[in-house]
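The values are calculated or read from the model by the stated rules, or taken from the named source; none is laboratory data. Nothing here was measured: the structure is a model prediction, and the numbers come from that model. We place every Cβ from the backbone using ideal geometry, glycine too, and count neighbours over all the protein chains shown. Side chains included, ligands, DNA and RNA excluded: accessible areas come from the protein's heavy atoms. Shrake-Rupley method; radii C 1.70, N 1.55, O 1.52, S 1.80 Å.
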Amino acid sequence: MIEYLDWDTKFFELKVGRCTVDSDLSWSTAQVQAGDGDFKLVYIYSGYELSGSSNDCFHLLDVGGQIEFDKTPLAHPEDQETGRNISSYRSLPLSPAICHLAYTSGRLSRFRIDPHIPRTKYESLYATWVANTLQRHPFGSVFVYQMDGHPVGLITFEWDRSVCTIGLLAVLDSAQGRGIATKLIRHVESFCMRRRIGKLRVKTQLSNLSARSLYLKCGFVVRERSYLYHARASSLGDKSVSLL
Ligand SMILES: CC(C)(COP(=O)(O)OP(=O)(O)OC[C@H]1O[C@@H](n2cnc3c(N)ncnc32)[C@H](O)[C@@H]1OP(=O)(O)O)[C@@H](O)C(=O)NCCC(=O)NCCS
């Protein structure tokens with residue numbers, strides 16, 4: 001069954017859906033449903049690697065898979081310097097520095113590596129992501145890490161009563177390898193402890209080895225992994241490029 005994605009459809013200005021398949025056979029069935037429903041782009045999640053075929057009416061693009069991690073938040077005593085460097089960010093419109101961090105966070109994102117999606121659309125998507133999190137206040141928040149008065153790290157997260165989900169996380173290239181991402185994650189953990197939120201969750205690309213290593217080092221465990229594809233109606237051909 002293809003789930004219609006309203007937000008994505010409006011953002012990309014073409015009909016977008018999502019579905020989970022578990023074999024090449026269910027991928028064939030999904031294509032018929034996607035064609036009947038006039039979907040132009042479908043995000044396909046699969047526990048198996050799909051082969052696709054030249055006869056398919058939807059072209060599959062492997063966008064790198066995804067992996068989801070969970071952890072039970074722990075209290076982390078924060079030193080004074082970290083406390084001074086991390087602050088809540090609330091300004092709209094976003095500053096150029098925050099936009100730059102948002103784009104950095106999606107460097108390996110499927111929306112960046114899909115050649116049908118122009119760079120400007122990708123950047124707009126990631127900036128909108130931060131703005132949407134701010135607008136979900138009091139259930140969404142953004143923290144930045146400052147060095148010498150400049151933001152060099154960013155983390156966004158949203159929560160309900162039981163789960164807090166990290167959305168974007170980035171540290172500028174020039175500031176990486178100094179424990180800044182670890183401090184930002186710990187800051188969110190402390191936030192969860194204060195709110196008695198029992199689960200912290202985050203997703204990244206299977207191909208993002210540095211983020212995967214970071215999450216394991218911070219005590220997360222793998223919850224789920226899946227192959228991920230962008231399927232496009234073949235009849236659109238190159239027209240889909242201009243639609244986006
Ligand atoms: C991933 C990222 C946030 C890490 O930020 P950081 O501040 O450099 O991370 P830390 O210094 O806290 O690193 C902690 C651990 O993460 C892992 N790690 C971080 N960078 C790594 C790299 N380039 N290669 C391998 N492991 C890495 C290591 O296990 C590291 O521990 P160590 O220093 O003892 O080896 C940063 O590289 C980044 O912004 N990347 C681009 C955007 C991105 O991928 N964001 C995550 C999307 S979900």
Only listed residue being under 20 Å from the mean Cα position of the chain (by Cα) and either within 8 Å of the ligand (Cβ to nearest atom) or modelled with pLDDT of 95 or more (or both), chosen from G153, G198 = G153
remark   = When region 91-107 is checked residue by residue, the ones that are in a loop (DSSP other than H, G, I, E, B), within 16 Å of the ligand (Cβ to nearest atom) and open to solvent by 20 Å² or more (accessible area, probe 1.4 Å) are R107
message = Suppose the filter is assigned to a helix (DSSP H, G or I) and either crowded, with 16+ Cβ neighbours inside 10 Å or more than 9 Å from the ligand (Cβ to nearest atom) (or both); does S207 pass it?
response = no
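Tell me, yes or no, whether region 221-237 has at least one residue that is assigned to a helix (DSSP H, G or I) and more than 30 Å from G37 (Cβ to Cβ). Working first, answer last.
Taking region 221-237 and keeping what is assigned to a helix (DSSP H, G or I), we get 234-236.
Pick out the ones that are also more than 30 Å from G37 (Cβ to Cβ) and you get none.
For region 221-237, residues assigned to a helix (DSSP H, G or I) and more than 30 Å from G37 (Cβ to Cβ): absent.
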query = Given the conditions (1) within 15 Å of the ligand (Cβ to nearest atom); (2) assigned to a loop (DSSP other than H, G, I, E, B), and given that R161 satisfies all but one, which numbered condition is not satisfied?
reply = (1)
query = Hey, among L184, L216, which residue is near the ligand (Cβ under 9 Å from one of its atoms) and exposed (fewer than 14 other Cβ atoms within 10 Å of the Cβ)?
reply = L216
ask   = Is there a residue in region 168-176 that is surrounded by fewer than 14 Cβ atoms within 10 Å (Cβ to Cβ), near the ligand (Cβ under 10 Å from one of its atoms) and not assigned by TED's automatic domain parsing to the domain that holds V32?
value = yes
request  = Please enumerate the residues belonging to region 108-153 that are hydrophobic (A, V, I, L, M, F, W, C) and assigned to a helix (DSSP H, G or I).
outcome  = F111, I113, L125, A127, W129, V130, A131, L134
inquiry  = I'd like the residue in region 108-121 that is of a type outside the set (A, V, I, L, M, F, W, C) and within 13 Å of the ligand (Cβ to nearest atom) and, out of all such residues, is farthest from P151 (Cα to Cα).
reply    = R110
request  = Within region 118-137, identify whether any single residue is touching a residue at least 12 places away in the same chain (Cβ under 8 Å), under 22 Å from R196 (Cα atoms), surrounded by fewer than 19 Cβ atoms within 10 Å (Cβ to Cβ) and touching a helix residue (DSSP H, G or I) at 6+ places or on another chain (Cβ under 8 Å), and answer yes or no.
outcome  = no
message = Checking the structure you have, find out if any residue of region 34-57 is within 18 Å of the chain's Cα centre (by Cα), surrounded by fewer than 19 Cβ atoms within 10 Å (Cβ to Cβ) and not polar (S, T, N, Q).
response = yes
